[in-house]
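So the structure is just underneath, and the comments pick up after that.
Please treat every number below as a calculation from the coordinates, not as lab data. Bear in mind the structure is a predicted one, so any value in this text is a computation, not a measurement. Every residue, glycine among them, receives a Cβ derived from its backbone with ideal geometry; neighbour counts consider all protein chains shown.
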Amino acid sequence: MTRRAVFLDRDGVLNQEVGYIHQVEDLHLMPGVAQAVRRLNQAGLFCCLVSNQSGPARGYYPASHVDALHDRLCHLLKTEAGAKLDALYYCPSLSAPEGGIEPEYTRWSTWRKPNTGMLVAAAWEHDLDLSQSFMVGDKATDVDMAHNAGCVGILVQTGFGDRVLSGKYQHFTQPDFTATDLSIAVDWLLQQVAVGN
Ligand SMILES: [Mg+2]
């Protein structure tokens with residue numbers, strides 16, 4: 001039996017958007033986020049991080065640093081509200097024209113948003129129904145990836161979200177729902193699940 005998932009972007013959705021995080025201790029959750037993820041856990045939805053992390057391709061830090069950031073993220077979610085992510089996917093790759101310089105990670109990748117590779121991999125590995133799943137992000141590319149994969153796309157106004165909506169960042173996109181933050185996004189998507197949408 002396939003499961004419904006909620007895919008979550010990282011920067012600007014779970015933790016504060018502060019650009020590339022070079023020090024692990026500089027990763028901080030936004031208010032109410034741990035409680036929101038806990039509610040998704042309690043509802044039995046599969047919670048899955050999907051994140052573009054081009055730092056390794058740009059030569060800023062090794063992929064092991066991204067893993068260390070994710071260890072801290074999971075620790076903070078657990079200690080603050082007993083919340084957990086069921087799986088974490090990230091794309092460390094970037095093409096050379098986009099700024100990739102580290103040979104190991106410099107390539108075009110189906111995993112890089114708005115391509116759907118991370119969602120497709122997660123669906124295969126965890127038996128998820130993408131057509132019944134949600135994606136929450138703060139960029140137009142998050143919403144675009146959701147729609148490219150047949151998921152419901154939710155834009156939060158934290159991180160870059162407000163700038164996307166005012167046309168000052170990336171490009172126009174049409175989210176299925178716009179939420180002030182992750183808590184409000186979770187309110188809405190749990191309602192959708194409850195009424196069988
Ligand atoms: Mg983001």
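Structure data summary
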item	result
Every residue from region 4-17 that is within 14 Å of the ligand (Cβ to nearest atom) and buried (at least 20 other Cβ atoms within 10 Å of the Cβ)	7, 8, 9, 10, 11, 12, 13, 14, 15
Output for region 3-17, where each listed residue is within 15 Å of the chain's Cα centre (by Cα) and assigned to a loop (DSSP other than H, G, I, E, B)	9, 10, 12, 13, 14, 16, 17
Every residue from region 111-130 that is out of contact with any strand residue (DSSP E or B) (no Cβ under 9 Å at 6 or more places or on another chain) and over 21 Å from residue 14 (Cβ atoms)	120, 124
Residue among 75, 147 that alone is touching an Asp or Glu at 6+ places or on another chain (Cβ under 9 Å) and not small (Gly, Ala, Ser)	147
Residue 100 being more than 15 Å from the chain's Cα centre (by Cα) and either surrounded by 15 or more Cβ atoms within 10 Å (Cβ to Cβ) or free of Cβ contacts under 8 Å to residues at least 40 places away in the same chain (or both)	yes
Residue within region 23-40 that is within 14 Å of the ligand (Cβ to nearest atom) and under 21 Å from residue 111 (Cβ atoms) present	no
Residues within region 1-49 that are under 28 Å from residue 132 (Cα atoms) and among the β-branched types (Val, Ile, Thr), tallied	5
Conditions (1) touching a residue at least 12 places away in the same chain (Cβ under 8 Å); (2) more than 17 Å from residue 181 (Cβ to Cβ): number failed by residue 80	(2)
Every pair of residues 6+ apart whose Cβ atoms lie under 7 Å, when the first sits in region 46-61 and is closer than 20 Å to residue 33 by Cα while the second is surrounded by fewer than 22 Cβ atoms within 10 Å (Cβ to Cβ) and of a type in the set (Gly, Ala, Ser)	48/87
Pair list, Cβ under 6 Å, 6 or more apart: region 1-20 residue closer than 15 Å to residue 146 by Cβ, other residue assigned to a loop (DSSP other than H, G, I, E, B) and more than 11 Å from the ligand (Cβ to nearest atom)	4/45; 4/133; 5/133; 6/45
Residue selected from region 132-170 under the condition within 13 Å of the chain's Cα centre (by Cα) and charged (D, E, K, R), by the criterion farthest from the ligand (Cβ to nearest atom)	144
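Results for (1) buried (at least 18 other Cβ atoms within 10 Å of the Cβ); (2) part of a loop (DSSP other than H, G, I, E, B); (3) touching a Leu at 6+ places or on another chain (Cβ under 9 Å), shown as yes or no for each residue.
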site: 1; (1), (2), (3): no, yes, no
site: 19; (1), (2), (3): no, yes, no
site: 22; (1), (2), (3): no, yes, no
site: 25; (1), (2), (3): no, no, no
site: 31; (1), (2), (3): no, yes, no
site: 36; (1), (2), (3): yes, no, yes
site: 49; (1), (2), (3): yes, no, yes
site: 60; (1), (2), (3): no, yes, no
site: 66; (1), (2), (3): yes, no, no
